[in-house]
Each structure stands twice: as structure tokens, then as C-alpha cells.
Amino acid sequence: MLGFVLRRFSVAFPTILVIITVAFFMMRVAPGGPFDLERPMPEETRQVILASYGLDKPLIFQYFDYMGNLFQGDLGPSLKLRDKDVAEIIAEGFPVSATIGLFSMLLAIGLGTLLGSIAALRQNSGTDFSVMTFAMVGISIPPFVMGPILALVFGLYLGLVPTGGLDPRYGMTPDRLILPVITLALPQIAIIARLMRASMIEVVRSNYIRTARAKGLSAPAVIIRHALRSAILPLVSYLGPASAAVISGSLVIERVFQLPGIGKHFVDAALQRDYTVVMGVVIVYATLIILLNLLADLLYGVLNPKVKYES
Amino acid sequence: MTTLYTPKEKAELIEKAAVQGRSLWDDARVRLMRNKAAVTSMIVLAILVFLATIGQLLWVHDYDTIYRDRVWIAPTMDNWHILGTDAQGRDMVARILVGLGVSLMVGIVATFVSLLIGVTWGATAGFIGGKVDQVMMRFVDILYSLPFIFFVIILMVTFGRNIVLIFVAIGAVEWLTMARIVRGQTIALKGMEFVEAAHAAGVSRPKIIQRHIIPNVLGPVVVYVTLMIPVVILAESFLSFLGLGVQEPLTSLGRLISAGAQDMEPAPWTLIGPAVTMMVTLFCLNFIGDGLRDAIDPKDR
């Protein structure tokens with residue numbers, strides 16, 4: 001198992017390096033720069049500013065400078081937000097993004113597993129039909145449609161939750177996070193429910209479940225202790241893609257609900273050519289996604305003894 | 001008494017019998033036609049496609065005509081603004097129809113791009129096998145774990161908001177699963193007895209490919225393509241929503257929803273119209289995809 005983890009890291013490290021390199025050069029090829037204002041500034045001023053950030057050097061030197069600083073843990077200063085380091089921006093935004101991401105994943109896994117299992121155990125009943133209809137709705141309505149609609153109905157018409165993002169005075173309060181979390185989780189709840197239903201239907205037909213029933217175990221014990229354990233495997237292998245989907249979904253959610261997470265910073269920074277912020281966010285998310293994928297694979301191995309890490 | 005046939009007549013008879021038999025596709029069609037949700041979806045989708053192509057030409061308003069004195073008019077029968085007007089006084093029906101057309105086109109073209117890359121990559125890997133296969137599929141595995149949306153965003157920023165680029169960018173991102181499916185099918189089919197049997201019976205190679213390989217690879221590919229179109233439409237809308245998709249005055253459903261979300265307090269109809277259109281379209285495509293999957297590959301039912 002340790003060998004497996006080490007081998008995965010040996011692939012992950014070059015992968016991240018390639019991601020950083022590609023992102024770096026793609027960003028620089030983009031026309032325009034961080035200091036192209038609506039009102040053109042004098043050329044000398046521009047040169048001074050560029051030189052102060054080291055942006056006047058040849059691109060390849062800039063790249064090595066950046067990588068050198070990166071290996072010392074320095075993500076550089078933001079080019080657009082004055083007096084802010086990229087590390088500071090990420091440190092401020094990450095808790096918000098992580099909170100909604102984490103709660104969405106928990107909600108999606110919990111509710112998705114529950115709904116999918118119930119649908120499978122009552123296959124072709126009214127319950128099954130309603131759950132699958134709900135899942136179809138969840139898959140067909142993207143977060144950027146669901147978000148505004150939920151905000152319109154629950155925020156504006158019913159007045160149950162405040163609209164307009166986080167209140168800086170109170171920070172992250174449940175009433176302001178509940179809609180973003182639900183919106184982000186809905187498609188994942190739907191996908192997980194469909195996955196769980198399919199695999200649960202297959203598992204409850206298998207011989208060892210019949211044996212467990214035959215020896216007199218109660219229905220809940222059979223399901224929870226025996227069936228769920230193997231039915232949950234497809235869900236575990238979906239966790240990697242799910243976390244990637246939640247992270248990309250958060251780009252939209254943070255914009256819809258005006259949350260100051262790093263996804264919102266990323267889009268703004270890409271549009272304004274704030275190179276260092278774009279790079280910082282890409283590095284954080286790429287590392288996170290690769291780690292989560294590894295974690296999901298390890299969890300799969302723990303739950304499924306058939307998997308050997310030796311090969 | 002038995003009738004004797006010349007080899008040529010025999011071949012013709014076999015050919016005829018094969019045509020008269022119920023093929024995989026006949027069975028699939030019968031099963032699909034029994035699926036009410038899928039049939040309804042096909043009818044609705046046909047209507048939507050008609051509206052987005054012919055309908056937008058026939059509609060009384062143009063999508064880019066600005067009526068300065070008719071900003072944010074609620075849905076009304078006056079002047080045929082049956083879904084209202086937007087912040088600049090443009091007719092919502094005309095804009096939704098154009099947006100729907102762009103979204104559907106992006107869905108089809110980008111899916112085709114990913115189909116092309118995915119089938120080529122997967123078939124090559126599966127056919128050659130061995131080391132080449134391992135390297136090629138390992139590459140797909142690595143790409144799978146990347147935060148692709150970030151690259152698409154950077155790509156859009158780099159090369160400007162070009163509609164062709166949207167096709168390529170989305171298609172280039174979505175081909176991975178297609179490659180996996182095609183590779184798996186190719187490997188499985190290579191070793192199948194019925195392929196060998198056909199070969200032993202003297203069926204020519206093009207005939208084997210036409211009669212046995214293509215229909216067997218086609219099933220999963222068709223299903224996946226149908227389910228991919230909504231995914232691609234979503235991806236485009238996602239980019240448009242972030243302000244990275246098609247450019248004004250041209251529009252797409254994602255862009256309309258984005259604008260509607262900003263104006264939902266004074267003018268909720270600018271959100272509701274495009275949002276409902278998008279939901280209905282995606283519903284239809286997903287129901288058709290699910291129906292096709294159940295029809296072609298009924299073992300899941």
C-alpha cells in the first residue's frame with residue numbers, strides 16, 4: 001500500500017509541474033496584460049511597474065523566477081489587488097470555498113446513498129419512480145439555473161434567507177450558506193442516487209444476501225451491514241470525479257451567491273490577467289483534485305479487499 | 001425432395017433471411033417506442049429544434065432589434081412580446097430561440113469533435129494493444145484527474161471568445177470517456193468467437209467490420225453521444241454564464257440565464273424564460289439518452 005502511494009506521488013508530482021508550466025505559458029500568451037487600463041498610462045510608468053514585478057524580463061526567465069519562488073513556498077504578489085499576496089487571497093478565500101464544498105459533498109453522499117438505496121429496495125414502486133424523477137431533475141437543472149431560481153424563491157419571494165452574499169460582519173452563517181450548499185449538492189445527489197440504485201439492485205440479488213436473509217437476519221441488518229458495503233463501491237470510485245465537479249461547480253456558485261471564495265477570484269483574475277492569482281488557484285485546486293483522487297482510490301482498496309496494490 | 005441451389009443463389013437467400021430477421025436495431029427501436037418518456041421527449045425536442053431553426057426566422061421580432069422604449073416589459077400580448085423584453089428592450093422570445101439554436105449547435109458540434117478524438121484514440125489503443133495501449137490509456141487516466149475547467153477558462157481568455165474555439169475546447173475536454181468506451185469494446189470484440197466464426201465461414205473482412213464490429217461498437221457509442229450532448233450544452237452555458245462564451249449580440253441559453261439572474265429582481269421573466277427552455281431541452285436529451293441506453297443495452301432494467 002505504501003508502495004502504491006509512493007508510485008502515485010511519483011506520477012502526481014510531474015503532473016502538477018506540467019499543469020503549472022502549461023498554465024503559466026498559456027496565461028502569458030493571452031493578449032493584454034494586468035496593467036492595460038482603460039486610460040493608457042505613460043510608457044515610462046508602465047515600464048517601471050513591469051520592472052518592479054519582474055515582468056520586463058524574457059518570458060523564460062520569468063518562468064524560472066516563478067518556479068524558484070514557488071519551491072520556496074512563495075506564490076508572489078497579486079498584480080491587481082494592491083498590497084495583497086496571492087497566499088493571503090487564497091488563505092481568505094479558501095475557508096469559504098472549502099466549507100461549501102465539504103458540506104455539499106457530505107450532503108450529496110448522505111442523501112444520494114439514502115435515496116438510491118430506498119429506490120433500489122422498492123424497485124419499480126411509486127417511491128422508486130419519484131426518486132428517479134427527482135434525480136432526472138437534479139441532473140437536468142444546472143447549478144447556475146438552480147441557484148438564481150432558489151435565490152429568487154426563497155430569498156426574494158418567501159424571504160426565508162438573506163440574499164446578497166456573505167455579511168462581512170458575521171462571516172459564514174448557516175442561513176447564508178444553506179442555498180449555495182444545496183445548489184452545489186443537487187446534481188451530485190442525483191448522480192449518486194442513480195449510481196447507488198443501480199449497484200444496490202445488483203447486490204441485493206446476489207447469493208450472499210440471500211444467505212444472510214436465510215439465516216434470519218433482520219432486513220435492516222442485511223442492508224446496512226452486508227448489502228451497503230459492496231453496493232457503495234461504485235460510489236467510492238465516483239468520489240474523485242465528484243470532487244472535481246464540486247470544485248468546478250463552486251466557480252459558478254460563488255458568483256451566483258456572491259461568496260468571496262477562491263473560485264470567484266480565479267474567474268476575475270483570469271479576465272483581468274492577474275497572472276499570479278490565476279497560477280495560485282490552479283496550483284491549489286490541481287493539487288487538491290489529485291490528492292482527493294488518490295484518497296478515493298485508497299478508500300476503494302480498503303473497502304474492497306479484492307483490490308491489490310502490488311500490480 | 002430437396003431443392004439444390006447454386007452457391008450464388010444460396011448467398012442471396014442467406015442475405016435475404018438476414019435482412020428479414022429482427023436485428024439488434026429493430027429490437028431496440030421497438031423497445032424505444034414503448035418508452036413513453038423517450039417518445040414524448042423526441043417529439044418535444046423536434047419541436048424545439050424546429051423553433052430554433054425555422055421558428056426564429058419566422059418570429060415577428062429579430063433577436064438583436066433594440067426597442068429603446070420597451071425596456072423590461074413584462075410578458076404581454078402587445079406587440080407580441082409574449083415572454084417580455086430584456087434590459088435593452090429586446091424581445092425575449094427571439095433571444096431565447098437564437099440562444100437555443102446556438103446551444104444545440106454547440107452541443108452537436110462539440111460532441112462530434114469529442115467523438116472523433118475519442119473513437120480514434122480508443123480504437124487505436126484497443127487495436128494495437130500492449131505497451132502502446134498502456135501508455136495511451138495511462139495518459140487518459142492522468143488527464144481524467146486534471147481540473148479541466150481551469151484550462152478551458154484560460155484557453156478562452158487566451159484565444160478570445162471565438163465560437164469555433166468553444167467547440168474545440170469543450171470537445172477536447174470531453175473525449176476521455178469516449179476513448180475508454182471504444183477501447184473496451186474494440187478489445188472485447190477482437191477476441192469474440194462470432195468474429196472468428198464469421199472469418200472462418202469465409203466472410204470478407206469489410207463485411208465482418210460492417211456486420212459485426214460496427215453494430216457492436218455503435219450501441220454504446222450512440223448511447224454515450226446522446227448523453228454527452230446535454231453535458232456539452234451545460235459546459236458551454238457554464239462558460240457563457242461566467243462571461244466567457246459567445247459574444248453579444250449573439251447569445252446562448254447560458255448567457256441569457258446569466259443576464260436574467262442579474263435582472264431577476266426587477267424582471268424575473270428574463271430569467272424564467274431561458275431557464276425553463278434550458279431545463280426542457282436537457283430533460284428531453286437526458287430522457288432520450290436513458291431510453292436509448294435501456295433499448296440498446298436492456299440488461300440494466
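The values are calculated or read from the model by the stated rules, or taken from the named source; none is laboratory data. The shown structure was predicted, so the numbers you read here are calculated from the model rather than taken from an experiment. Note: ideal-geometry Cβ built from the backbone for every residue, glycine included; neighbour counts use all protein chains shown.
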TODO: Could you tell me whether residue A:16 is at pLDDT 85 or above and over 26 Å from residue B:142 (Cα atoms)?
DONE: no
- [ ] Looking for whichever is under 22 Å from residue B:251 (Cβ atoms), touching a strand residue (DSSP E or B) at 6+ places or on another chain (Cβ under 7 Å) and of a type outside the set (Ser, Thr, Tyr) here; the options are B:93, B:71. Which one fits?
- [x] B:71
- [ ] Would you mind finding the one in A:4, A:13 that is under 30 Å from residue A:303 (Cα atoms) and touching a Phe, Trp or Tyr at 6+ places or on another chain (Cβ under 7 Å)?
- [x] A:4
- [ ] Identify all residues within the stretch B:270-285 that are surrounded by fewer than 22 Cβ atoms within 10 Å (Cβ to Cβ) and touching a residue at least 60 places away in the same chain (Cβ under 8 Å); write none if there are none.
- [x] B:280, B:283
TODO: For the stretch A:1-12, enumerate the residues that are exposed (fewer than 12 other Cβ atoms within 10 Å of the Cβ) and within 14 Å of chain B (Cβ to nearest Cβ).
DONE: A:7, A:10
- [ ] Please determine, by comparing only the residues of the stretch A:16-25 that are among the β-branched types (Val, Ile, Thr) and in contact (Cβ under 8 Å) with a residue 12 or more places away in the chain, which one is nearest to the other protein chains (Cβ to nearest Cβ).
- [x] A:19
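Residues checked against (1) within 14 Å of chain A (Cβ to nearest Cβ); (2) without any contact (Cβ under 8 Å) to a residue 40 or more places away in the chain:
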site	(1), (2)
B:185	no, no
B:191	no, yes
B:194	no, yes
B:201	no, yes
B:226	yes, no
- [ ] Test each condition in (1) within 14 Å of chain B (Cβ to nearest Cβ); (2) hydrophobic (A, V, I, L, M, F, W, C); (3) over 19 Å from residue A:96 (Cα atoms) for residue A:212 and report the one that comes out false.
- [x] (1)
- [ ] Kindly provide the set of residues from the stretch A:111-127 that are within 14 Å of chain B (Cβ to nearest Cβ) and surrounded by fewer than 18 Cβ atoms within 10 Å (Cβ to Cβ), ordered by number.
- [x] A:123, A:124
- [ ] Look at the stretch B:116-163 and say how many of its residues are free of Cβ contacts under 8 Å to residues at least 40 places away in the same chain, more than 14 Å from chain A (Cβ to nearest Cβ) and surrounded by 21 or more Cβ atoms within 10 Å (Cβ to Cβ).
- [x] 0
Open item on the list: Just to be sure I understand the filter: pairs with C-beta atoms under 8 Å, separated by 6 or more residues or on different chains, first member in the stretch A:114-135 and more than 10 Å from residue A:193 (Cα to Cα) and of a type in the set (S, T, N, Q), second member in a helix (DSSP H, G or I) and modelled with pLDDT of 90 or more. Which pairs pass?
Closed with: A:127/A:118; A:127/A:119
- [ ] Within the stretch B:228-249, work out how many residues are touching a Leu at 6+ places or on another chain (Cβ under 6 Å) and more than 14 Å from every other protein chain (Cβ to nearest Cβ).
- [x] 0
Open item on the list: What's the total number of residues in the stretch B:81-115 that are in a helix (DSSP H, G or I), touching a residue at least 12 places away in the same chain (Cβ under 8 Å) and not β-branched (Val, Ile, Thr)?
Closed with: 14
Task: Exclusive hit being at pLDDT 85 or above, buried (at least 23 other Cβ atoms within 10 Å of the Cβ) and either more than 12 Å from chain B (Cβ to nearest Cβ) or assigned to a helix (DSSP H, G or I) (or both), set A:277, A:236 - done: A:277
Open item on the list: Let me confirm something: among B:53, B:76, which residue is farther than 23 Å from residue B:288 by Cα and surrounded by 13 or more Cβ atoms within 10 Å (Cβ to Cβ)?
Closed with: B:76
Task: Neighbours by Cβ (under 7 Å, 6+ apart or cross-chain): first from the stretch B:232-255, touching a residue at least 12 places away in the same chain (Cβ under 8 Å); second crowded, with 24+ Cβ neighbours inside 10 Å and among the acidic types (Asp, Glu) - done: B:245/B:236; B:252/B:236; B:254/B:236
Task: the stretch A:26-75, residues that are surrounded by 14 or more Cβ atoms within 10 Å (Cβ to Cβ) and either within 14 Å of chain B (Cβ to nearest Cβ) or within 20 Å of residue B:152 (Cα to Cα) (or both) - done: A:26, A:27, A:28, A:30, A:33, A:34
- [ ] Examine the stretch B:250-265 for a residue that is within 19 Å of the chain's Cα centre (by Cα), crowded, with 23+ Cβ neighbours inside 10 Å and more than 10 Å from chain A (Cβ to nearest Cβ), and state whether such a residue exists.
- [x] yes
- [ ] With the condition kept exactly as written, say whether any residue in the stretch B:169-177 is away from chain A (no Cβ under 14 Å), surrounded by fewer than 20 Cβ atoms within 10 Å (Cβ to Cβ) and part of a helix (DSSP H, G or I).
- [x] no
TODO: Look at residue A:305 and say whether it is surrounded by fewer than 20 Cβ atoms within 10 Å (Cβ to Cβ), within 17 Å of the chain's Cα centre (by Cα) and outside any helix (DSSP H, G or I).
DONE: no
Open item on the list: Among the listed residues A:180, A:187, identify the single one that is touching a residue at least 24 places away in the same chain (Cβ under 8 Å) and in contact with a Pro (Cβ under 8 Å, 6 or more places away or on another chain).
Closed with: A:187
Open item on the list: Quick check on residue B:69: is it out of contact with any Lys or Arg (no Cβ under 7 Å at 6 or more places or on another chain), closer than 30 Å to residue A:25 by Cβ and of a type in the set (D, E, K, R)?
Closed with: no
TODO: State which residue is nearest to the other protein chains (Cβ to nearest Cβ) when the search covers only the stretch A:136-157 and only residues that are more than 23 Å from residue B:266 (Cβ to Cβ) and in a helix (DSSP H, G or I).
DONE: A:140
Task: All positions within the stretch A:285-295 that are surrounded by fewer than 20 Cβ atoms within 10 Å (Cβ to Cβ) and within 11 Å of another protein chain (Cβ to nearest Cβ) - done: A:287, A:288, A:291, A:294
TODO: Report yes if residue A:160 is of a type in the set (A, V, I, L, M, F, W, C) and either assigned to a helix (DSSP H, G or I) or under 21 Å from the mean Cα position of the chain (by Cα) (or both), otherwise no.
DONE: no
Open item on the list: Please go through the stretch A:13-24 and give me each residue that is among the aromatic types (Phe, Trp, Tyr) and either crowded, with 16+ Cβ neighbours inside 10 Å or touching a Gly at 6+ places or on another chain (Cβ under 7 Å) (or both), ordered by number.
Closed with: A:24
